[in-house]
There are 2 protein chains.
Amino acid sequence: MPEKGRPRSFDRADALMRAMQVFWEKGYEGASLAALTAAMGINAPSLYAAFGCKESLYLEAMELYSQTVGTEIWAALETAPKAREAISRFLDATARAYSQADTPHGCLIALGGLHQAAVPQAVCDAVSRHRGENIAKLRDRLEAAIAAGELPANVNTEAVATFYATVQHGMSILARDDGSYESLKHVADGAMAAWDVLTRDGKH
Amino acid sequence: MPEKGRPRSFDRADALMRAMQVFWEKGYEGASLAALTAAMGINAPSLYAAFGCKESLYLEAMELYSQTVGTEIWAALETAPKAREAISRFLDATARAYSQADTPHGCLIALGGLHQAAVPQAVCDAVSRHRGENIAKLRDRLEAAIAAGELPANVNTEAVATFYATVQHGMSILARDDGSYESLKHVADGAMAAWDVLTRDGKH
DNA sequence: GCCTTTCTGTAATGATCAATAAATATATCT
DNA sequence: AGATATATTTATTGATCATTACAGAAAGGC
């Protein structure tokens with residue numbers, strides 16, 4: 001059944017995607033409403049009618065980022081048969097994604113809400129929670145590898161997961177300074193160089 | 001010889017230190033003039049007379065950070081006799097500094113200017129350049145180790161330096177989410193687990 | 001003493017911020 | 001057609017931003 005009233009003249013999903021790109025490049029605090037409306041091709045009242053406020057628009061944009069760009073990066077974690085290959089491909093996908101010439105460098109979530117005073121609390125909480133969930137994803141993958149008998153049971157999965165997630169976060173900062181794939185790939189390779197030590201049996 | 005005119009009623013160095021703490025916690029974009037003047041205990045005209053403008057105050061605060069907090073963290077790099085111990089102690093000093101309860105978590109420089117649109121270009125350039133200089137410090141230490149015959153000559157010092165600097169940058173983000181020493185130390189340990197592989201002779 | 005110089009407090013500047021009021025336009029429903 | 005509902009455009013709101021005019025205060029030089 002069709003909607004009542006005047007139909008909106010823009011595509012909501014397309015406008016959201018454009019907003020996401022602005023937040024990705026400029027951050028919450030650097031993305032003015034003027035910049036957002038210009039990129040989205042709409043006026044402020046249309047933005048508020050469709051998305052509520054800047055804060056809720058950001059939260060939607062973050063979810064969209066997670067479900068598009070984020071999904072690409074994290075796909076390897078579940079498709080690769082072995083944990084080592086899963087993490088390695090995850091880091092390489094990160095290096096490739098963060099160095100794309102046609103998108104902002106680094107991750108919207110990793111770089112978001114790092115200065116509490118500059119963003120609404122809900123934004124700070126949302127990105128922080130998302131980063132925590134990403135650590136959990138890595139930990140779960142490592143736990144699965146233990147359950148499969150692939151890794152020793154006494155591997156500190158929380159510590160290893162935190163290490164790889166933290167390397168990925170650092171790659172976002174590196175990507176902002178030096179967006180070359182080569183530099184990012186060196187970091188990914190460096191992190192994988194720790195694999196054998198981090199996943200060996202802790203008993204002597 | 002004493003100065004002409006009314007003497008300033010506050011200690012410039014103390015005011016700068018307080019400004020540094022505000023920028024450290026809130027970032028350039030989150031640190032309003034109102035917050036700065038409140039923390040510094042002075043009014044806006046005094047701030048402008050003594051420091052020029054917000055941008056130049058930030059640049060001075062960044063230098064102060066580098067010469068106080070930064071120096072503590074990087075001291076190990078030059079005092080430790082061997083490269084491995086130098087890097088290891090550098091990362092442990094980072095974990096300790098970033099988890100201090102009485103200071104903001106993470107690094108002013110690592111977290112600064114990540115969103116170009118939110119800060120003046122000069123601020124963005126200054127923090128980015130500083131991050132680059134930190135990579136160079138690590139690389140120089142590794143080169144010295146090669147010169148001392150401690151490491152094989154074909155170690156990719158730029159890549160290894162970039163890896164360790166990037167881990168440290170990631171630790172700033174982790175410290176904002178979870179400021180515990182334990183988590184940060186796990187990451188430091190994870191990075192050191194890569195040492196042997198990263199510094200072994202590349203020839204087979 | 002007065003003059004000059006510099007700093008301090010108050011109050012204001014114009015710019016930009018996110019968010020909205022009012023009027024008009026375009027659709028469905030009866 | 002007329003009523004209702006939603007969207008759009010233009011212009012505006014009050015808040016906050018960094019910065020500064022202005023007048024009074026506190027020092028040295030004469």
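Specify which of the listed residues (B:Arg84, B:Arg96) is touching a Phe, Trp or Tyr at 6+ places or on another chain (Cβ under 7 Å), in contact (Cβ under 8 Å) with a residue 40 or more places away in the chain and closer than 18 Å to B:Ile173 by Cα. I'd like the intermediate steps shown before the answer.
Numbers: B:Arg84 fails: closer than 18 Å to B:Ile173 by Cα.
From the options B:Arg84, B:Arg96, the qualifying one is B:Arg96.
Which of the helices (runs of 4 or more DSSP H) found entirely inside region A:150-204 contain at least 3 residues meeting this: buried (at least 18 other Cβ atoms within 10 Å of the Cβ) and at the interface with chain B (Cβ under 9 Å from one of its Cβ atoms)? Spell out the reasoning first.
Details: elements: A:157-177, A:181-192, A:195-199.
Here the list reads A:157-177, A:181-192.
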- Query: Does region B:59-70 contain any residue that is crowded, with 20+ Cβ neighbours inside 10 Å, more than 9 Å from DNA strand D (Cβ to nearest atom), within 14 Å of another protein chain (Cβ to nearest Cβ) and among the hydrophobic types (A, V, I, L, M, F, W, C)?
  - Reply: no
When (1) touching a residue at least 24 places away in the same chain (Cβ under 8 Å); (2) under 30 Å from A:Thr103 (Cα atoms) are applied to B:Thr157, the one that fails is (1)
If you go through A:Ser9, A:Ser32, A:Ser46, A:Ser56, the only one that is among the hydroxyl-bearing types (Ser, Thr, Tyr), within 16 Å of DNA strand D (Cβ to nearest atom) and within 14 Å of chain B (Cβ to nearest Cβ) is A:Ser32
Checked against (1) within 13 Å of DNA strand D (Cβ to nearest atom); (2) in contact with a helix residue (DSSP H, G or I) (Cβ under 7 Å, 6 or more places away or on another chain), A:Ala76 satisfies every condition except (1)
Exactly one of A:His115, A:His130 is within 16 Å of DNA strand D (Cβ to nearest atom), under 19 Å from B:Gly170 (Cβ atoms) and either under 11 Å from the mean Cα position of the chain (by Cα) or in contact (Cβ under 8 Å) with a residue 60 or more places away in the chain (or both), and that residue is A:His115
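May I ask you to verify whether B:Ala144 is at the interface with another protein chain (Cβ under 7 Å from one of its Cβ atoms), over 23 Å from B:Leu111 (Cβ atoms) and outside any loop (DSSP other than H, G, I, E, B)?
The answer is no for B:Ala144.
Among the residues of region B:1-28, what is the count of those that are part of a helix (DSSP H, G or I) and not aromatic (Phe, Trp, Tyr)? Break it down into steps so the answer makes sense when it comes.
Going through region B:1-28, the residues part of a helix (DSSP H, G or I) turn out to be B:12-28.
If we keep only those that are not aromatic (Phe, Trp, Tyr) too, we end up with B:12-22, B:25-27.
Number satisfying all stated conditions: 14.
All of the numbers you see were taken from the coordinates with simple rules; none came from a lab. Fair warning: this is a prediction, and the values are worked out from it, not measured in the lab. Note that each Cβ is placed from the backbone with ideal geometry, even for glycine, and that neighbours are counted across all protein chains shown.
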